[in-house]
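The values are calculated or read from the model by the stated rules, or taken from the named source; none is laboratory data. As the structure is a prediction and not an experimental result, all values here were calculated from the model. In this analysis, Cβ positions are derived from the backbone assuming ideal geometry, glycine residues included, and neighbour counts consider all displayed protein chains.
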(Lines give C-alpha, C1' and ligand atoms only; values in the text may rest on other atoms or scores of the structure.)
Protein backbone atom coordinates (compact mmCIF):
# COMPACT_ATOMS: atom_id res chain seq x y z
CA UNK A 1 0.00 0.00 0.00
CA UNK A 2 1.47 3.34 -0.99
CA UNK A 3 1.38 6.12 1.55
CA UNK A 4 0.75 9.70 0.58
CA UNK A 5 3.07 12.27 2.01
CA UNK A 6 2.01 15.70 3.16
CA UNK A 7 2.78 18.36 0.69
CA UNK A 8 5.53 20.77 1.71
CA UNK A 9 5.44 24.40 0.65
CA UNK A 10 6.61 24.79 -2.89
CA UNK A 11 8.77 27.56 -4.34
CA UNK A 12 5.68 29.63 -5.07
CA UNK A 13 4.83 29.74 -1.34
CA UNK A 14 1.56 27.78 -1.22
CA UNK A 15 0.80 26.38 2.22
CA UNK A 16 1.17 22.68 3.07
CA UNK A 17 -2.02 20.68 3.33
CA UNK A 18 -3.32 20.07 6.84
CA UNK A 19 -2.56 16.68 8.40
CA UNK A 20 -5.20 14.02 7.74
CA UNK A 21 -7.77 13.26 10.40
CA UNK A 22 -6.43 10.23 12.28
CA UNK A 23 -9.85 8.75 13.08
CA UNK A 24 -11.18 8.93 9.52
CA UNK A 25 -7.92 7.67 8.07
CA UNK A 26 -7.92 4.73 10.50
CA UNK A 27 -11.55 3.92 9.68
CA UNK A 28 -10.77 3.80 5.96
CA UNK A 29 -7.78 1.57 6.63
CA UNK A 30 -9.80 -0.75 8.86
CA UNK A 31 -12.54 -0.98 6.25
CA UNK A 32 -10.06 -2.65 3.92
CA UNK A 33 -8.50 -5.14 6.35
CA UNK A 34 -7.74 -5.90 10.00
CA UNK A 35 -4.78 -4.10 11.57
CA UNK A 36 -3.23 -4.45 15.01
CA UNK A 37 -3.00 -1.35 17.18
CA UNK A 38 0.76 -1.15 16.64
CA UNK A 39 0.43 -1.48 12.87
CA UNK A 40 -2.29 1.13 12.68
CA UNK A 41 -0.35 3.53 14.92
CA UNK A 42 2.73 3.22 12.68
CA UNK A 43 0.75 3.82 9.53
CA UNK A 44 -1.05 6.85 10.95
CA UNK A 45 2.29 8.32 12.05
CA UNK A 46 3.67 7.72 8.59
CA UNK A 47 0.73 9.57 7.09
CA UNK A 48 1.53 12.60 9.23
CA UNK A 49 -1.28 12.46 11.79
CA UNK A 50 -0.55 14.26 15.07
CA UNK A 51 0.31 11.93 17.96
CA UNK A 52 -2.52 13.13 20.23
CA UNK A 53 -5.03 12.58 17.42
CA UNK A 54 -3.67 9.07 16.91
CA UNK A 55 -4.07 8.22 20.60
CA UNK A 56 -7.64 9.56 20.63
CA UNK A 57 -8.53 7.76 17.40
CA UNK A 58 -7.16 4.43 18.59
CA UNK A 59 -8.96 4.73 21.93
CA UNK A 60 -12.21 5.57 20.14
CA UNK A 61 -11.82 2.65 17.73
CA UNK A 62 -11.11 0.22 20.59
CA UNK A 63 -14.17 1.54 22.42
CA UNK A 64 -16.30 0.92 19.32
CA UNK A 65 -14.70 -2.52 18.92
CA UNK A 66 -13.51 -1.64 15.43
CA UNK A 67 -9.97 -2.22 16.63
CA UNK A 68 -9.37 -5.42 18.58
CA UNK A 69 -5.89 -6.94 18.89
CA UNK A 70 -7.25 -10.26 20.16
CA UNK A 71 -9.43 -10.60 17.07
CA UNK A 72 -6.48 -9.68 14.83
CA UNK A 73 -4.28 -12.26 16.57
CA UNK A 74 -6.89 -15.02 16.14
CA UNK A 75 -7.47 -14.16 12.47
CA UNK A 76 -3.76 -14.01 11.65
CA UNK A 77 -3.05 -17.27 13.49
CA UNK A 78 -5.91 -18.95 11.62
CA UNK A 79 -4.58 -17.65 8.29
CA UNK A 80 -1.06 -18.87 9.03
CA UNK A 81 -2.16 -22.33 10.20
CA UNK A 82 -5.11 -23.14 7.97
CA UNK A 83 -4.27 -21.39 4.72
CA UNK A 84 -0.49 -21.06 4.72
CA UNK A 85 -0.03 -24.30 6.71
CA UNK A 86 2.75 -22.94 8.93
CA UNK A 87 4.11 -24.46 12.11
CA UNK A 88 3.79 -22.90 15.57
CA UNK A 89 7.15 -21.11 15.56
CA UNK A 90 6.44 -19.36 12.26
CA UNK A 91 2.96 -18.34 13.43
CA UNK A 92 4.45 -16.89 16.62
CA UNK A 93 7.04 -14.97 14.58
CA UNK A 94 4.34 -13.52 12.31
CA UNK A 95 2.17 -12.40 15.22
CA UNK A 96 5.14 -10.78 16.95
CA UNK A 97 5.94 -8.88 13.76
CA UNK A 98 2.44 -7.43 13.93
CA UNK A 99 3.23 -5.86 17.32
CA UNK A 100 0.85 -8.04 19.32
CA UNK A 101 1.27 -8.77 23.02
CA UNK A 102 2.68 -12.14 24.10
CA UNK A 103 -0.48 -13.15 26.01
CA UNK A 104 -2.61 -12.54 22.89
CA UNK A 105 -0.11 -14.48 20.79
CA UNK A 106 -0.16 -17.46 23.16
CA UNK A 107 -3.96 -17.53 23.22
CA UNK A 108 -4.28 -17.24 19.45
CA UNK A 109 -1.71 -19.98 18.81
CA UNK A 110 -3.27 -22.39 21.28
CA UNK A 111 -6.69 -21.75 19.74
CA UNK A 112 -5.42 -22.12 16.17
CA UNK A 113 -3.56 -25.35 16.90
CA UNK A 114 -6.35 -26.83 19.02
CA UNK A 115 -7.73 -28.74 16.03
CA UNK A 116 -4.46 -29.02 14.08
CA UNK A 117 -2.10 -31.93 14.56
CA UNK A 118 1.37 -30.40 14.17
CA UNK A 119 2.94 -33.78 13.48
CA UNK A 120 0.45 -34.52 10.71
CA UNK A 121 1.05 -31.04 9.27
CA UNK A 122 4.80 -31.70 9.34
CA UNK A 123 4.27 -35.03 7.56
CA UNK A 124 2.22 -33.25 4.86
CA UNK A 125 4.92 -30.62 4.35
CA UNK A 126 7.62 -33.28 4.21
CA UNK A 127 5.68 -35.36 1.68
CA UNK A 128 5.02 -32.30 -0.45
CA UNK A 129 8.69 -31.29 -0.45
CA UNK A 130 10.02 -34.81 -1.08
CA UNK A 131 7.77 -35.29 -4.15
CA UNK A 132 7.74 -39.06 -3.80
CA UNK A 133 11.44 -39.39 -3.08
CA UNK A 134 12.51 -41.47 -0.06
CA UNK A 135 14.32 -39.51 2.69
CA UNK A 136 17.12 -42.08 2.74
CA UNK A 137 18.02 -41.29 -0.88
CA UNK A 138 18.71 -37.60 -0.26
CA UNK A 139 22.26 -36.33 -0.43
CA UNK A 140 23.55 -34.18 2.44
CA UNK A 141 23.06 -30.88 0.65
CA UNK A 142 19.44 -31.65 -0.24
CA UNK A 143 18.77 -32.97 3.25
CA UNK A 144 20.14 -29.78 4.83
CA UNK A 145 18.08 -27.63 2.46
CA UNK A 146 14.96 -29.63 3.34
CA UNK A 147 15.60 -29.35 7.07
CA UNK A 148 16.16 -25.61 6.81
CA UNK A 149 12.98 -25.12 4.76
CA UNK A 150 10.82 -27.05 7.22
CA UNK A 151 12.27 -25.26 10.24
CA UNK A 152 11.70 -21.91 8.51
CA UNK A 153 8.12 -22.98 7.94
CA UNK A 154 7.82 -23.16 11.74
CA UNK A 155 8.16 -26.84 12.51
CA UNK A 156 10.31 -28.00 15.45
CA UNK A 157 13.81 -29.14 14.51
CA UNK A 158 13.64 -32.32 16.59
CA UNK A 159 10.43 -33.37 14.79
CA UNK A 160 11.98 -32.73 11.38
CA UNK A 161 15.15 -34.66 12.24
CA UNK A 162 13.10 -37.53 13.67
CA UNK A 163 11.12 -37.85 10.45
CA UNK A 164 14.21 -37.74 8.29
CA UNK A 165 15.77 -40.58 10.26
CA UNK A 166 18.49 -38.76 12.13
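Worth pointing out:
- Residues in the range 91-102 include at least one that is more than 25 Å from residue 44 (Cβ to Cβ) and outside the structural domain of residue 32 (by TED's automatic domain parsing).
- Restricting attention to the range 11-33 and to residues that are part of a loop (DSSP other than H, G, I, E, B), out of contact with any helix residue (DSSP H, G or I) (no Cβ under 8 Å at 6 or more places or on another chain) and at pLDDT 60 or above, the residue that is farthest from residue 77 (Cα to Cα) turns out to be 14.
- Of residues in the range 84-96 being assigned to a helix (DSSP H, G or I) and more than 11 Å from the chain's Cα centre (by Cα), the one surrounded by the fewest Cβ atoms within 10 Å (Cβ to Cβ): 89
- Helices (runs of 4 or more DSSP H) contained in the range 34-78 and holding at least 1 residues under 26 Å from residue 88 (Cβ atoms), at pLDDT 95 or above and under 20 Å from the mean Cα position of the chain (by Cα): 37-46, 69-78
- Of all residues in the range 53-73, those being buried (at least 19 other Cβ atoms within 10 Å of the Cβ) and farther than 15 Å from residue 99 by Cβ number 2.
- Top-ranked residue in the range 148-162 [being surrounded by fewer than 17 Cβ atoms within 10 Å (Cβ to Cβ) and touching a residue at least 12 places away in the same chain (Cβ under 8 Å); ranked as farthest from residue 77 (Cα to Cα)]: 161
- Neighbours by Cβ (under 8 Å, 6+ apart or cross-chain): first from the range 53-71, outside the structural domain of residue 36 (by TED's automatic domain parsing) and touching a residue at least 60 places away in the same chain (Cβ under 8 Å); second surrounded by fewer than 17 Cβ atoms within 10 Å (Cβ to Cβ) and not in a helix (DSSP H, G or I): none
- Hey, residue 99 within 30 Å of residue 17 (Cα to Cα), out of contact with any strand residue (DSSP E or B) (no Cβ under 7 Å at 6 or more places or on another chain) and in contact (Cβ under 8 Å) with a residue 24 or more places away in the chain or not: no
- Candidates 159, 99, 165: the one that is part of a loop (DSSP other than H, G, I, E, B) and farther than 27 Å from residue 36 by Cβ is 165.
- The set of residues in the range 116-146 that are over 11 Å from residue 164 (Cβ atoms) and touching a residue at least 24 places away in the same chain (Cβ under 8 Å) comprises 116, 118, 119, 121, 123, 124, 125.
- Enumeration of residues in the range 34-48 that are in contact with a helix residue (DSSP H, G or I) (Cβ under 7 Å, 6 or more places away or on another chain), more than 19 Å from residue 74 (Cβ to Cβ) and surrounded by 14 or more Cβ atoms within 10 Å (Cβ to Cβ): 41, 43, 44, 47
- Per the listing 81, 8, the residue uniquely at pLDDT below 95 and assigned to a helix (DSSP H, G or I) is 81.
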